[in-house]
Amino acid sequence: MSPPPSALGDEASRQPQEASSRPRERFDLEGYVRRARNGPCFVCAVVAGAPGYDLEQIVFEDEHHVAFLDRYPTVPGKVLVAPRAHVEHVVRDLDEEGYLRLMRTVRRVALAVEAVVASERTYLLSLGSRQGNAHLHWHIAPLPPGTPYEQQQYHALMTENGVIAWSREQAVDLAGRLRVALAG
């Protein structure tokens, strides 16, 4: 079942809503772990335009970075930002200028997300490990207003608590609005 467009960041979502009111679907964690550990690098696949990555709509790219919608969003408007090159460690693999350039891009995309999707706070974090999802990437996760405290912070980010069910059409719509915000 696909959620209404408001679950993905249209004007209606700018109104407070409880996290539990957004349609969620169960997340196949075992399948995800298999893909993350044994499959191709998902960031490199998005950068290369590989088939099967249609929900990972690109919202921003330049010669160094790419930003795209998270395939498995736990909050409306969740975006990932990564270097285009396969870099694995946020501190050791980037020189100071590369790190600062990446962080400027993360901030720019986060501001666009906040302009499009209602949020009471925006979480920024880098996840992944050498055991899976090794390509360095930052998560931009806007916490919906009115989310009960018990459902905030890591609870809001954990796929084990379900992911927002959404369609390619909804991803295309949200990506388009984010691109407009980034262009403005």
Given points 7 Å out from each Cα along the Cα-Cβ axis, report the Glu114 to His86 separation in nanometres with one decimal.
3.5 nm
Neighbours of Thr105 by Cβ distance under 12 Å: Lys/Arg at +1, Asp/Glu at -1, summed charge +2
Summing -39500 (n - 2.57) over every DSSP H run of at least 4 in the chain, dividing by its residue total and rounding to the nearest 500, the 222 nm mean residue ellipticity is -9500 deg cm²/dmol
Looking at the chain as a GNM with Cα springs under 10 Å, which of Val59, Val47, Val106 has the largest mean-square fluctuation?
Val47
Work out Dmax and Rg for the range 54-184 from the C-alpha atoms and quote the Rg first, both in angstrom.
14.3, 40
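Over the chain, average the accessible area per residue using a 1.4 Å probe and give it in Å², no decimals. Mind showing how you got there, number by number?
Details: 9570 Å² over 184 residues.
Averaged over the residues of the chain, the accessible area is 52 Å².
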Separation of the Arg121 and Ala183 label points, Cα + 7 Å toward Cβ, nm:
3.4 nm
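Give me the percent of accessible area attributable to carbon and sulfur for the chain, probe 1.4 angstrom. List each step's numbers first, then the result.
Values: 4960 of 9570 Å².
The computed percentage sits at 52.
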Of the residues Asp62, Asp70, Asp173, which exhibits the maximal mean-square fluctuation in a Gaussian network model of the chain defined by a 10 Å Cα contact cut-off?
Asp62
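The values are calculated or read from the model by the stated rules, or taken from the named source; none is laboratory data. Note that the structure is predicted; figures quoted are calculated from it, not measured. Heads up, the Cβs are rebuilt from the backbone with ideal geometry, glycines too, and the neighbour counts pull from every protein chain shown. Side chains included, ligands, DNA and RNA excluded: accessible areas come from the protein's heavy atoms. Shrake-Rupley method; radii C 1.70, N 1.55, O 1.52, S 1.80 Å.
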